[in-house]
Ligand code: IVH
């Protein structure tokens with residue numbers, strides 16, 4: 001480094017270090033101690049300053065900078081990594097007798113040696129191992145098959161309860177193991193948002209956590225509020241810290257001490273671990289959590305019992321797959337039998353009818369259960385549910401109770417099968433069941449109230465027209481008052497109609513009326529939606545099978561709504577990713593005079609019905625680019641958009657037609673090989689900037 005640049009760089013280095021330390025500290029206090037030391041505004045300003053400095057001086061950025069928490073790095077494929085220490089599983093049992101056996105066997109094997117147990121929660125999430133060297137997080141790997149897992153480091157860095165840099169004293173080289181969980185509240189909010197965006201909700205927090213860790217876009221992972229619950233510290237037997245004779249060394253001799261030490265290093269260790277001296281204390285712990293588990297903010301599926309003294313683990317040894325010094329007790333799903341009072345039927349936004357069991361209220365796993373889904377007509381037939389039956393309802397590690405069968409001991413001999421409704425409970429139309437389908441649906445798309453409100457909800461959702469001041473309750477009320485019947489009516493709403501409109505809240509309890517300011521917000525959000533690009537308008541129309549991506553592809557292919565409406569099924573099916581079924585559905589949609597009229601009204605209201613030609617130069621006219629790697633000035637999406645703005649085309653794979661491969665850092669080796677083989681010029685980000693005249 002020459003003299004001038006070192007003079008330049010020193011203050012930046014100093015400030016980067018200072019900001020990193022400060023932000024780490026604020027994060028720690030916020031996530032570990034629930035303490036806000038600065039306002040969100042100040043915090044964001046510091047983070048922005050650090051992000052800018054790191055962009056300006058990429059060489060000075062710390063590998064575990066807190067800016068990594070917001071994500072942004074994209075992982076194409078998750079690298080397989082062999083675990084340095086295999087991730088063993090635990091012997092597990094549903095039987096308390098086997099826990100009694102485990103305890104007496106352990107006691108016998110250890111003879112006169114004094115020892116104790118620890119009892120702790122068995123988190124129901126995704127197991128991962130975090131490697132720390134010199135106090136820095138260097139790698140995060142999923143359990144996989146125990147021997148080999150996936151490298152998910154970029155996503156793990158976005159989890160706020162995973163420390164990126166450790167505090168105080170720590171072993172120089174160790175692995176922190178634990179479970180990534182998705183707390184119930186955050187999971188529910190996340191699932192609701194998914195539904196509002198027209199995406200499939202996740203079945204349970206564990207699946208959502210597992211899916212999140214495998215997201216390619218770490219910024220997306222950062223938005224989900226995952227937590228890491230540490231349950232184990234793995235240290236090499238010859239770790240020098242074990243024999244250092246200091247306080248850390250003494251903590252490291254027991255499992256409980258290791259977790260306490262981990263907590264001092266900055267890990268969030270759940271406080272529910274307890275040292276137990278005998279089977280009575282173990283039983284007491286299990287019994288307590290069998291009921292108290294329902295009050296926890298996250299899911300657990302059992303209790304783990306470990307011998308506390310690390311030095312005894314070797315003498316107890318391993319079985320084929322699991323250590324002999326630990327065992328898991330799994331909670332049984334709680335089950336009750338309760339009378340079925342009646343069946344009601346819910347109609348969703350696509351017209352699908354879902355039967356719901358109304359049950360004699362019953363206490364189950366910490367809540368009163370009154371209703372449970374009966375899934376569809378097939379489910380009722382297969383379970384052979386009859387009038388007046390009592391149903392077996394179960395609650396596993398999750399929140400939603402499930403009907404798992406009929407309590408045949410309580411069946412009346414004369415009980416008749418439940419008669420499924422033949423007509424829509426909302427609009428009276430005759431229900432239809434397509435050949436081979438498990439359930440019925442209401443075909444009256446255009447007149448059936450829940451379908452209308454559902455379509456309105458989809459239309460205003462974030463990824464569609466993003467009219468966020470119109471929530472479900474407000475839409476429901478606008479519909480009930482006869483002010484809005486279809487999506488085009490939204491554009492005729494006036495201030496007078498909105499002000500004073502009474503809306504029930506989510507629980508249907510409290511009424512609030514829309515104030516002047518609220519009305520103005522709604523109207524300006526509706527007005528702003530006139531600028532939403534064509535591809536999102538197309539998605540917002542809510543055509544079956546046309547999701548966000550499909551809408552984008554259709555919009556780009558046909559360029560405007562008239563060409564799209566005039567297309568034949570064959571032409572529609574030519575679009576990438578549009579299959580024949582979707583093509584037929586899109587075709588039918590636009591054949592309907594109602595839908596054509598709707599499009600005309602929306603067009604008259606000023607919505608975007610053609611792809612905007614936003615090209616700003618023709619520097620790249622006729623040139624096809626393939627983009628690979630990470631860039632400093634642009635995100636990958638930004639650089640692709642920039643190519644198009646300058647008249648170029650972006651393609652996903654290198655072929656004879658590719659003019660340039662635009663390579664950032666960490667370009668994929670496969671692409672490099674292919675480009676070299678085909679003799680396609682590889683250009684850098686700087687070359688690209690020169691091409692578009694922005695050197
Ligand atoms: S100890 C050698 N403690 O349960 C020690 N495991 O088969 C091995 N789990 O998938 C693990 N909570 O991820 C331990 N408090 C806890 C746990 C826990 C959940 C998971 C673990 C593994 C399975 C054990």
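All of the numbers you see were taken from the coordinates with simple rules; none came from a lab. Quick caveat: nothing in here was measured; it's all calculated off a predicted structure. So basically every Cβ, Gly included, is an ideal-geometry build from the backbone, and we count neighbours across all protein chains shown.
With the cut-off at under 12 Å, measuring from each backbone N in segment 644-660 to a point 7 Å along the Cα-to-Cβ line of residue 687 picks out 659-660. When the alpha carbon coordinates of segment 306-367 are projected onto the principal axes, the ranges are 61, 30, 18 Å, largest first.
A simple spin-label model places pseudo-atoms 7 Å from Cα toward Cβ; at residue 133 and residue 93 they are separated by 4.2 nm. If one computes P(r) from the Cα atoms of segment 553-642, what percent of pairs lie at distances over 19 Å? The proportion of pairs with Cα distances above 19 Å equals 57 percent.
Over the C-alpha trace of segment 392-519, radius of gyration and Dmax come out as 20.4, 63 angstrom. Remark: spin-label model distance residue 294-residue 495 equals 5.2 nm, labels positioned 7 Å along the Cα→Cβ axis.
With 10 Å bins beginning at zero, the pair-distance distribution over Cα atoms of segment 271-428 amounts to 9, 28, 24, 17, 13, 7, 2, 0 %. Site pair residue 315 and residue 649 shows an inter-label distance of 7.5 nm when each label is modelled 7 Å from Cα along Cα→Cβ. Across segment 466-536, Cα-Cα distances exceeding 15 Å account for 53% of all pairs.
With R₀ fixed at 51 Å, the C-beta to C-beta distance from residue 591 to residue 673 puts the FRET efficiency at about 0.55. The alpha carbons of segment 221-317 give a radius of gyration and a Dmax of 15.7, 45 Å, in that order. Extension gain for the segment residue 621 to residue 148, taken as residue separation times 0.36 nm less the Cα-Cα distance, is 165.6 nm to one decimal. With one equal scatterer per alpha carbon and no solvent term, the Debye-computed log10 I(q)/I(0) for segment 1-77 at 0.13, 0.20 1/Å reads -0.46, -0.89.
With 0.36 nm allotted per residue and the present C-alpha distance subtracted, the residue 512-residue 105 stretch has 140.1 nm of extension available. Here segment 181-259 is treated as an ellipsoid with the same Cα gyration tensor; its semi-axes, largest first and in whole Å, are 40, 12, 9. With a Förster radius of 60 Å applied to the beta-carbon distance between residue 581 and residue 34, the computed FRET efficiency rounds to 0.75.
All Cα-Cα separations within segment 324-413 were binned at 10 Å from zero, giving a P(r) of 16, 44, 26, 9, 4, 1, each value a whole percent of the pairs.
Each residue in 234, 87 was given a count of other beta-carbon atoms within 10 angstrom of its own, and listing them fewest first yields 234, 87. Segment 1-75 and segment 338-394 have their alpha-carbon centroids 53 Å apart. Divide the volume of the convex hull around the Cα atoms of segment 502-623 by the residue count and you get 169 Å³ per residue. Gyration tensor analysis over the Cα atoms of segment 626-695 returns equivalent ellipsoid semi-axes of 18, 13, 11 Å (largest first, whole Å).
Hydrodynamic radius of segment 395-446 by the Kirkwood approach over all distinct alpha-carbon pairs: 14.7 Å.
Give me the Debye-computed log₁₀ of I(q)/I(0) at q = 0.12, 0.31 Å⁻¹ for segment 169-223, equal point scatterers on Cα only, no solvent, two decimals. Here the Debye-derived log intensity ratios amount to -0.37, -1.35. Based on the reciprocal of the average 1/r between different C-alpha atoms, the Kirkwood radius for segment 522-593 equals 12.6 Å. Scattering from segment 37-148 was approximated by placing one identical point on each alpha carbon and applying the Debye formula without solvent; log10 I(q)/I(0) at 0.10, 0.14, 0.17, 0.19 1/Å stands at -0.60, -0.89, -1.06, -1.18. Stretching the chain fully between residue 400 and residue 632 yields a gain of 79.0 nm (0.36 nm per residue, less the alpha carbon separation).
In terms of overall dimensions, the chain has a Cα radius of gyration and Dmax of 30.0, 96 angstrom.
For segment 416-466, the Stokes-Einstein estimate of translational diffusion at 4 °C and a viscosity of 1.567 mPa s comes to 102 µm²/s, using the Kirkwood hydrodynamic radius over alpha-carbon pairs.
By the beta-carbon count within 10 Å of each Cβ, the least crowded to most crowded order of 683, 380, fewest first, is 683, 380.
The share of Cα pairs per 10 Å bin across segment 134-267, counted from zero up to the longest distance, runs 11, 38, 29, 15, 5, 1 percent. Calculated translational diffusion coefficient of segment 40-94 (20 °C, 1.002 mPa s; Stokes-Einstein with Kirkwood radius over alpha-carbon pairs) equals 142 µm²/s. Kirkwood radius, segment 542-695, all distinct C-alpha pairs, inverse of mean reciprocal distance: 17.7 Å. The residues 373, 161, when put in order of fewest to most other Cβ atoms within 10 Å, stand as 373, 161.
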